[in-house]
Each structure stands twice: as C-alpha cells, then as structure tokens.
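S.K.: Sending over a structure as structure tokens; questions will come in a sec.
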Amino acid sequence: MLDPSAVRRWCTGAVAGLEAARAEIDRLNVYPVPDGDTGTNLLLTLQAADSAVRTDPPGDLAATLGSMARGAVLGARGNSGVILSQVLRGLAESMPGDPDGAALAKALARAAELAWTAVAEPVEGTMLSVVRAAAEAAAGAGDSLAEVARAAAGGAARALDRTPEQLPVLARAGVVDAGGRGLCVLLESLATVVAGDPVPVPKTRSGRPPREMARETGSDAYGYEVQYLLDAADTSALRAELVELGDSLVVVGTGEGTWTVHVHVNDIGAAIEAGVRAGRPHRITVTRFADEPPARREGTAVVAVAPGAGMAELFAAEGVLLADGTEDAVLAAVLAAGTGAAVVLPGRAELTAPADAAASRARDAGVEVAVVPTRSPVQGLAAVAVHDEARRFGDDVIAMAEAAAATRWGEVFPATRDALTMAGPCKAGDVLGLVDGEVVIVGGELALVAGELLERMLSGGGELVTLVLAAAETALAERLERQVARDHFGVEVSVHGVLRPDVPLLIGVE
C-alpha cells in the first residue's frame, strides 16, 4: 500500500539508508572526474525532501508526494541531487490517489523521462541508465504494487552492475556509478515500504576509491560551481546561455514556476546575469573547486603496499586500497581514501621505509596514519581480519599489529638458480620451503615440501592456518587440510584460492 503514511516511512527509510551508504557512495564517484561528495549530496537532498514532508500541512497522497518532490528540488545539492529531485517529481506528477502496480510503473516511467530531460548532456552508465532500467523492469511486473516495486529495485540494481560496461572510466576503477548506487537505496526503501519486508537485490561492487579528488561531475576546465533557485516562467533561453558558458548543466523545476539551476563555469557573473535575465535568482551559492579540500569522513582506511596479483585479489575483496611500492603512490592512496585515519601495511621489509615516509607526509596533510610492520602479505591478511573501524584508532592499530606479529609466515616455490641456502645447496627447479624468510627445506616435490613446511610451522602451536594458492590447486589444498585435521585437532584452516598466485603456496599460522 502507498498512502501518505507510507510516503513518510519511505522518506525516513531512504534517509537512513543513504546515511548508512554515504561513505560508500562518496568513494564510488569517479565519473567524469573523481569526487568525494555524491553520497553527501544525495543525502542532503533527500533530507530536504523528508523535512518538507514532515513540515508541510498533512494531505492526501498527491500532496505528500508533491511536498517530497518540492523539498528535493528546492534543497537539491550537486548534479546527483538535482537529478534525484526529478525522479521524485516524476513520481509526484503521475501517481493517482490509490495506486496499483500499473500506476507505479507509469509513474516510474515519468520519473525516468524527467531525469533524462533535466540533463543537458545525458550519458549512459550513470544514474540516468539506472532509473530507466528500473522503469523498464517495473513495466513488465504486473498489477501488484509490491511486485512492481520489487521489480524496479531489482532492475535498478542489475543496471547498476552494468554501468562499468557502459562507462570505461568505471571499469578501470572497478566501481559502479555513485549516483546510481544512491538511486538503488531510494528504490530499495520504497520496495520495503510497499511490500512490507526487506527486498533482496543483487550485491553490487564498491571497488577501490579513486586516487584523485576533484568534483562531483564535469570537466576540470571550469573552476566554479554556481547553483541558485530561479523564479521564472520559462528557462529555454537560460539553458542556451548556460550551455555556452560551462558544463554540468541541470535546470529543473517544481512545476510552480521555481527552478533549480546548477552549472560549472569560469565566469560566475555571466551565469548569475543569465538568471537575472530569465527571472529572479535567489539562494545563490558559488563554490570554487580549488578552495575545497576533500572533506574527510570518519573511519580508518587500510592501504596494502605492492601486493602481488594474487594477494591484491584478496585485499581488494576486503575493501583494502592498493598502492605500488613508491612513497608517492602510498601517499596518494592514503589521501584518496578520504578518511581521517589510515593504516598502511608494507607487506615486505624493504617497503617499510617508503611507507613510513608517505605516512609522515600524510600526517602533515591532516590524516592520522600508522604503519603496521608486516613482512609478508599473510601477516597483512591477519591484520585486516581484526580491523574494526568502530574502534578507537589507536586500539585498532594495536589489534592489527598484534595479529600481524602473531602470524608466522611461510612460502613454497621453485628455485630459479643453483644456490647455497640455510638448509643446504639447491639446484634450479628444486622446491624451497621458507619460514619467516629463511629457507628451511629443499625438496623435489611441491606437495611434499608443503606438507613438511606446514608441519614445522605448527610444531610450535597455532589456532588458525591460512593457505593462499591457485584456485585450481584443489587437490593440494585438500591434502593440507586433511593433514591439519589428522595431526592438529582443533586448528582451523582457511583456504584462499586466487586466479594469479604470487607463489605456488603462501602459509600463515596464527
């Protein structure tokens, strides 16, 4: 059921959902240039809509949706917020007093239409594609209000996962569209309200944060964001003028003669004068991008330095940022995370120095940074496993450092040349087993060396064994798991299969 009470619950749920997802959405924004405030802009826009719903006089469904849309238009922040306001406006314009599924589908189609027409230069792979897909999914879902709402949410989520296929910049960053992710939160909340239960939707990818910070949208050729409300009867001439002045142009209205104007320009005066010629501009805001350092959100980022391809897979899956082994790259990753604190995991002894240098520079930039000494990526995995952003930073660093220090690490790989090792001479092609960086076994078969090495590492005790090896090496993994189960009762084994292993086998014992 969708009535005024349901709309109020929808607003409340959507605001809560965006509050929870704001940091994630801020990290996703990479198109056309990276930024850190899409989630914030969407949240502020929806908070304005929620405030209007709660302060306007009570009314029927049309009036309540109208308040929601009008509040969003007047309080819209950034490109994404302005587009979101048009989605709400389309729903308000088209929804009858007692809607069924077909009516909701029609309203979603109108929402998609207004969103697309609001943008001067619409692009596929953005939240525009997501709202259109939601409307298309809703159109074929039947007459049940709940089923149509579920279909719209599911269609939006699937479209969101396709955005990297439509925008190469998203694919390169390994993320989905930030505005589209916010729109999914809105539709998930709507579906939850009208269906009366949580809506399962496909899981989407967050990916790693971009390494640059700039603005929500638009070319960096323009240095200012100008936004204002405009009382005017017509905006066609205004649109034409502003298109010539800059980019990222969005002009949307409440349907009552008030418009929200958003544009990026270099000539601030010309953008405002164009508004004066069109009508009465008010609530004018101007932002100079160069004056805006990226706002740092609460929380702690984790940066892994120069992991090999296999470990990079595992770290990225845990939300860890990746940087190559240079000081500048580590600094860029820490600053791009957008958090007030960060932990750096060097992964190898020789990478500790550039990590320390980068941490010092990041502290000068206002970020609290700690380097947790790790000599192996499996020690880094152990540290990540106990990482908790909810803890005080110092306590979190101590917990991560203790976990890393308590992890012995081993490696098994073939020798590439003849050499004299701590375990005796080896020839090229022999299999070497290392513990904490020292060769302790020289053998002829990988499986035998792996079993003996694991046994040596467990001789001093342990509670958890971590194995990192090629995903196709199931037989070796099963053999080692059986060995632990047979000879070391109570010890857990965690197997990580990766597509591109750095060495045939990495072992961690905690």
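The values are calculated or read from the model by the stated rules, or taken from the named source; none is laboratory data. Note that this is a predicted model, so its numbers are computed, not measured. Ideal geometry is used to build each Cβ from the backbone, glycine not excepted, and the neighbour counts take in all protein chains shown.
S.K.: With respect to residue 477, determine if the residue is within 35 Å of the chain's Cα centre (by Cα), surrounded by 12 or more Cβ atoms within 10 Å (Cβ to Cβ), under 23 Å from residue 314 (Cα atoms) and not assigned by TED's automatic domain parsing to the domain that holds residue 348.
M.R.: Values: within 35 Å of the chain's Cα centre (by Cα): yes; surrounded by 12 or more Cβ atoms within 10 Å (Cβ to Cβ): yes; under 23 Å from residue 314 (Cα atoms): yes; not assigned by TED's automatic domain parsing to the domain that holds residue 348: yes.
Here the answer is yes, as residue 477 does meet what is asked.
S.K.: Among the candidates 173, 159, which residue alone is out of contact with any Asp or Glu (no Cβ under 7 Å at 6 or more places or on another chain), modelled with pLDDT of 85 or more and not acidic (Asp, Glu)?
M.R.: 159
S.K.: Related question: Does residue 222 meet the test of being touching a strand residue (DSSP E or B) at 6+ places or on another chain (Cβ under 6 Å), assigned to a loop (DSSP other than H, G, I, E, B), modelled with pLDDT under 90 and not small (Gly, Ala, Ser)? Working first, answer last.
M.R.: On the way: touching a strand residue (DSSP E or B) at 6+ places or on another chain (Cβ under 6 Å): yes; assigned to a loop (DSSP other than H, G, I, E, B): yes; modelled with pLDDT under 90: yes; not small (Gly, Ala, Ser): yes.
Yes.
S.K.: On to the next question. Of these, 472, 447, 477, 428, which one is in contact with an Asp or Glu (Cβ under 7 Å, 6 or more places away or on another chain) and either modelled with pLDDT of 95 or more or farther than 25 Å from residue 349 by Cβ (or both)? Walk me through it before giving the result.
M.R.: On the way: 472 fails: in contact with an Asp or Glu (Cβ under 7 Å, 6 or more places away or on another chain); 447 fails: in contact with an Asp or Glu (Cβ under 7 Å, 6 or more places away or on another chain); 477 fails: in contact with an Asp or Glu (Cβ under 7 Å, 6 or more places away or on another chain).
Just one listed residue meets the conditions, 428.
S.K.: State all residues of segment 335-346 that are buried (at least 23 other Cβ atoms within 10 Å of the Cβ) and assigned to a helix (DSSP H, G or I); if no residue qualifies, say none.
M.R.: 335
Here is a yes/no grid of residues against (1) modelled with pLDDT of 85 or more; (2) touching a Pro at 6+ places or on another chain (Cβ under 9 Å); (3) more than 20 Å from residue 507 (Cβ to Cβ); (4) of a type in the set (Gly, Ala, Ser):
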| site | (1), (2), (3), (4) |
| --- | --- |
| 288 | no, no, yes, no |
| 317 | no, no, no, yes |
| 343 | yes, no, yes, no |
| 354 | yes, yes, yes, no |
| 358 | yes, no, yes, yes |
| 362 | yes, no, yes, yes |
| 395 | yes, no, yes, no |
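S.K.: Here is a follow-up. Restricting attention to segment 490-506, does a residue exist that is touching a Phe, Trp or Tyr at 6+ places or on another chain (Cβ under 6 Å) and within 23 Å of residue 383 (Cα to Cα)?
M.R.: For segment 490-506, residues touching a Phe, Trp or Tyr at 6+ places or on another chain (Cβ under 6 Å) and within 23 Å of residue 383 (Cα to Cα): present.
S.K.: Out of 49, 92, report the one residue that is free of Cβ contacts under 8 Å to residues at least 40 places away in the same chain, within 18 Å of residue 116 (Cβ to Cβ) and part of a helix (DSSP H, G or I).
M.R.: Result: 92 is the single residue among 49, 92 that is free of Cβ contacts under 8 Å to residues at least 40 places away in the same chain, within 18 Å of residue 116 (Cβ to Cβ) and part of a helix (DSSP H, G or I).
S.K.: Can you say whether residue 451 is more than 39 Å from the chain's Cα centre (by Cα) and surrounded by fewer than 12 Cβ atoms within 10 Å (Cβ to Cβ), as far as the supplied structure shows?
M.R.: Answer is no for this residue.
S.K.: While we're looking at this one, here's another question. Looking only at segment 455-474, which residues are outside any strand (DSSP E or B), over 23 Å from residue 386 (Cβ atoms) and touching a residue at least 12 places away in the same chain (Cβ under 8 Å)?
M.R.: Correct list: 455, 456, 471, 472, 473, 474.
S.K.: Taking segment 131-172, which residues are among the β-branched types (Val, Ile, Thr) and under 16 Å from the mean Cα position of the chain (by Cα)?
M.R.: Listed by number, the residues that qualify are 163, 169.
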